[in-house]
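I have placed the structure first, in the form of structure tokens, so that the comments after it can refer back to it.
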Amino acid sequence: MQMNDRFKKTKKILIKKVPIKGSLPPVRGPLGQIFLSLIIFLLLVSAYSSLSGLSSKTSDVPLSELAQDITAGSVSGIVISGDKLAITYKDGEEKISKKETNTALTTTLKNYDVPADALSEVKIEVKNDQGFLYWFSSLAPIILPILFILFFLWFLSRQVKGAGMQAFTFGQSKARMISPGDLSQKVTFKDVAGSKEAKEELREIVDFLKNPKKFLDIGARIPKGILLMGAPGTGKTLLARAVAGEAGVSFFSISGSEFVEMFVGVGASRVRDLFDLAKKAAPAIIFVDEIDAVGRVRGTGVGGGNDEREQTLNQILVEMDGFEPNEKVIVMAATNRPDVLDPALLRPGRFDRRVTLDLPDRKDRGEILLIHARKKPFAEDVNLSVIAERTPGFSGADLYSLMNEAAILAARENRTTVAQFDLIRSIEKVMLGPERQSHLLSEREKELTAYHEAGHALVASVLPYADPVHKISIISRGRALGFTMKLPLEERKLQSKKEFLDDIAVGLGGYVVEKNIFEDVTTGPSNDLQVTTALARDMVTKYGMSEKMGPIALESSGGKPLFGTGVGDKDYSEQVGSQIDAEVSKIINDAVRKAEKIIKDYREVLDAISKKLIEVETIEQKEFEEILVLHGIKLKKKKDIEHQK
Ligand code: ADP
Ligand code: ZN
Ligand code: MG
């Protein structure tokens, strides 16, 4: 395995969610909704029960009949509770009746001309109707269903907390807001290292937000939209927050994917809501992170979700066009796929300012490391410029996680300061994932891996345009069984065809060794093959580095955009396609031949490196160069390379 794929980690910035007014009726939140439906339900229930109560409480026996029965002597007892009468007859029959509420039963009966001696034979009992049982028995029919429904709703809300309850709040923007007064979350340009040009561009925006009158008085039109472009982890989000922090304005941030949900029309209504909010809080910055999620080229009709995305995008455009010239709201957006954005977004008056963030160079890496070193106690041996030198291709986010890993390593070993070797170990960890010491290789696997890595390393050391080897290891990390780390002698922005060709040969070094020395091929080099083939293809289709195809770019730098120009839309014919394939395999075959020759010519060096690797598992640059010198291979120097170019 060669080190080409990298592990990207991005830090999540925790920003508190503020409840934001939505475009729904006044009852807010899931709880409010439950209460509303509960009250309606209660009203229904009580209406029903009082209606049904009326019919069931009509007396079984009218009072007049009761009076006759008592006079006739057939009643044995009456139990009075409230105005209800439970009558027991001598023959065991039970009936109910009702008396007038405010008069005593005896008085009523006397009014019906019941003789006193007949009345005295009836056992009259008065029950206290305030008792718990009374209340319970009369309220249970109402309360029990309510409890049941409540439980049901609660259960439901637990089940569908994510999706179902959002049905009540979907129109709201969901944006996170950082107000200028929130010092704990304040980020300024001081927290962003490097990116000098970007900061220079954005300083103008800060100026405007701080002092809009100056610009408006002179009739200047301030850009409405700024698009931050750059690889993941280059600090786009950070920089956007820093602009808000510098200017001291409110910062609304939302991610492109948050606009689009399961309901059609949600995206557009969220956009409206967000812009309304920002206008109220003006001066303000609206930050749409990962705008490519909604801002892809429209009208390609691939996939059903497109309509929703298009509506959302249209709404963003409408809102931006609708800005009054003196509305002090600026929209910032970030993307790492500027090539797939809809051209309408890039028109003047929308995101017409574009700021590119590059991966940091050595000096910037040093500064980023310094920023993240602020709160960490370091041992005296720490030299951050060495770390910066050894981390080409690291993004700001990678450097952040490198610092963090180093601190974790030190803490795990109960040290109070972070040492240089913690930092060095973390470089590999960030690049390749953690070491897997438990992943034991069998004898044969170990030998094979050692030869494989030695193959990469040897080819890299012999070929003039390949980067020198920095470290070889057969300790498995992440998914790789071993790795060979190469570092360029110098940071470079351009790569030449010769370098690419040598790189491909180095990449195939492991495969060639397995095939020629072990006379069999394992699944080990599959990643190597992917990487080298992709590189060879890019040489042909993107960089015009094939003699036969000539200087034509057949694919844009972003690769084939799936939604951009439609699926299967190739810019070239089948014929050209097969020519490309032929060129790619020619490059690969040449590289294989080159590697094979080196492995034959320098067989003892290969054996020596592999033997050493099996013995010590990891070889650092110095030991490796000693082996090379011992076998008469010239080391690469900066001057040599420059001379050769
Ligand atoms: P992006 O949005 O471009 O993917 P972020 O802004 O989320 O990247 O960066 C992730 C983290 O990386 C930041 O929170 C910060 O800690 C660190 N970082 C990135 N670039 C820089 C930089 N130029 N200076 C300091 N820290 C940086
Ligand atoms: Zn390999
Ligand atoms: Mg980001």
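Miscellaneous remarks
- DSSP beta bridges in the stretch 176-357 [antiparallel fraction, %, rounded to 5]: 15 percent
- Available extension along the chain between Asn111 and Glu389 is 88.9 nm, counting 0.36 nm per residue and deducting the alpha carbon span.
- Peptides 312-324, 399-411 ordered by average Cβ neighbours within 10 Å, highest first: 399-411, 312-324
- Residues whose placed amide H lies under 5 Å from that of Gly544, excluding near-sequence neighbours: Ile552
- The stretch 445-521: Cα Rg divided by the 2.2 N^0.38 Å rule of thumb: 1.13
- Computed packing ranks the peptides 236-243, 224-231 as 236-243, 224-231, most packed first, by mean other Cβ atoms within 10 Å.
- Per the Debye calculation on the stretch 362-432 with a single equal scatterer at every Cα and no solvent contribution, log₁₀ I(q)/I(0) for q = 0.15, 0.20 Å⁻¹ amounts to -0.39, -0.72.
- Exceeding the 25 Å Cα-Cα cut-off - candidates Lys199/Lys493; Lys196/Lys542; Lys486/Lys634: Lys196/Lys542
- Take the Kirkwood radius over Cα pairs of the stretch 328-472, plug it into Stokes-Einstein at 37 °C and 0.692 mPa s, and you get 173 µm²/s for translational diffusion.
- Cross-link pairs beyond the 24 Å C-alpha cut-off, checked among Lys224/Lys280; Lys186/Lys429; Lys236/Lys497; Lys376/Lys637: Lys186/Lys429; Lys236/Lys497; Lys376/Lys637
- Fully extended contour minus Cα-Cα distance, from Lys98 to Lys123, at 0.36 nm per residue: 7.3 nm
- Tensor-based shape of the stretch 63-129 (alpha-carbon gyration tensor, a/c under 1.5 rounded, otherwise prolate or oblate): oblate
- Each label point was placed 7 Å from the Cα along the Cα-to-Cβ direction; for Ser578 and His631 their separation is 4.3 nm.
- In this simple spin-label approximation, Arg347 and Trp154 carry label points 7 Å from Cα along the Cα→Cβ vector, and these lie 5.5 nm apart.
- For the stretch 176-357, the fraction of alpha-carbon pairs lying more than 25 Å apart is 30 percent, rounded to a whole number.
- Positive contributions from Lys and Arg (+1) and negative ones from Asp and Glu (-1), summed over other residues with Cβ under 12 Å from the Cβ of Thr188, come out at +3.
- Sorting the segments 84-94, 528-538 by their residues' average number of neighbouring beta-carbon atoms within 10 angstrom, most packed first, yields 528-538, 84-94.
A short reminder: the numbers here are calculations on the coordinates, not readings from a lab. Small disclaimer: the values here were computed from a predicted structure and weren't measured. Backbone-built Cβ (ideal geometry, glycine too); neighbour counts: all protein chains shown.
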